Amino acid sequence: MKLYYSPGACSLSPHIALLEAGLKFELVLASTKSKKLADGTDFYTINAKGSVPVLELDNGERLTEGPAIVQYIADQAPDKNLAPANGTMARYRLQEWLNFITSELHKGFSPLFNPATTEEYKPQVRAKLAERFAWVNEQLEGKQFLMGEQFSVADAYLFVVSNWGQYVGVDVAGYPNLVAFRARVAARPAVIAAMKAEGLLK
């Protein structure tokens, strides 16, 4: 398999999932700015949407959209318990989390990374994200991870997205449950390995 990624972007989430699952894959760097691969290939020929992540399967099929990709990865290594079994209520809870992270947090950050966003609008964006993170902090009360005691692909996604705050002035330091959660996830060998591979850790 091949994972098309950009350092520190949302593609870090499936990168972590692949390492957690113990699956074999190749990393392919795709610049989100130039939309080119290292060999000059136009990234739009890989994904017409022009965004990472893209997971290219052994049969050449390509899967896009992080929440779909991480569930696919989890299902390739069911013994790792990265996602509850399909058809169970717990699996729908996982999808609920993935959907929340992608729509409310991930997309919530988008205006802060967009050079066209006015400075006047940014405080509103930060306030909305703060509200969302405060809610996540409440949900983590008394829990190791989003789903309880078991690490899942949703935890990797939340970790990646919550990392972005440091670059755009969204401080999560005031949310003790989230801070403790982030420390637990950051200490996982797969997370350390993925971040090192992407040049985010020395």
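The values are calculated or read from the model by the stated rules, or taken from the named source; none is laboratory data. Everything numeric in this text was worked out from a predicted model, so none of it was measured. Side chains are part of the model used for accessible areas, which takes the heavy atoms of the whole protein and leaves out ligands, DNA and RNA. Shrake-Rupley method; radii C 1.70, N 1.55, O 1.52, S 1.80 Å.
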*What is the chain's relative contact order, in percent, from Cα pairs under 8 angstrom and six or more apart in sequence?*
23
*3J(HN,Hα) from dihedral phi, the stretch 148-153, Karplus parametrisation 6.51/-1.76/1.60, rounded to Hz, x for glycine, proline*: x, 8, 9, 5, 10, 4
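Using 0.36 nm times the number of residues separating Ile192 and Phe145, minus their current alpha carbon distance, what extension gain do you get?
Taking 0.36 nm per residue and subtracting the Cα distance, the gain is 15.2 nm.
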*Once the Cα gyration tensor of the stretch 1-119 is found, what semi-axes does its equivalent ellipsoid get, as square roots of 5 times the eigenvalues, in whole Å, sorted largest first?*
25, 20, 11
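Can you work out the accessible area per residue across the stretch 1-160, with the rest of the protein chains kept in place, probe 1.4 Å, in square angstrom? Don't skip to the answer; put the middle values down first.
Numbers: 7900 Å² over 160 residues.
Accessible surface, normalised per residue, equals 49 Å².
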*asked:* Taking θ = phi - 60°, what integer Hz values does the Karplus form 6.51 cos²θ - 1.76 cosθ + 1.60 yield along the stretch 99-106, in sequence order, with x for Gly and Pro?
replied: 5, 5, 4, 6, 8, 8, 9, 3
*Would you compute, from DSSP H runs of 4+ residues alone, the mean residue ellipticity of the chain at 222 nm, taking -39500 (n - 2.57) per run and dividing by the full residue count, rounded to the nearest 500?*
-13500 deg cm²/dmol
*Roughly speaking, what is the centre-to-centre gap between the stretch 85-154 and the stretch 1-20 when only Cα atoms are used, to the nearest Å?*
18
*If the limit is 25 Å between Cα atoms, which of Lys49/Lys80; Lys35/Lys128; Lys80/Lys107; Lys36/Lys196; Lys24/Lys143; Lys143/Lys202 go over it?*
Lys49/Lys80; Lys35/Lys128; Lys80/Lys107; Lys24/Lys143; Lys143/Lys202
_Residues with amide H under 5 Å from that of Lys36, placed H, sequence gap 5 or more_ = Ser31, Phe43
*the stretch 15-115, relative contact order in percent, only Cα pairs under 8 angstrom and at least six apart counted*: 20
_the stretch 80-159: translational diffusion in µm²/s, Stokes-Einstein, Kirkwood Rh over Cα pairs, 37 °C, 0.692 mPa s_ = 236
*Can you give the percent of C-alpha pairs in the chain whose distance is more than 32 Å?*
14
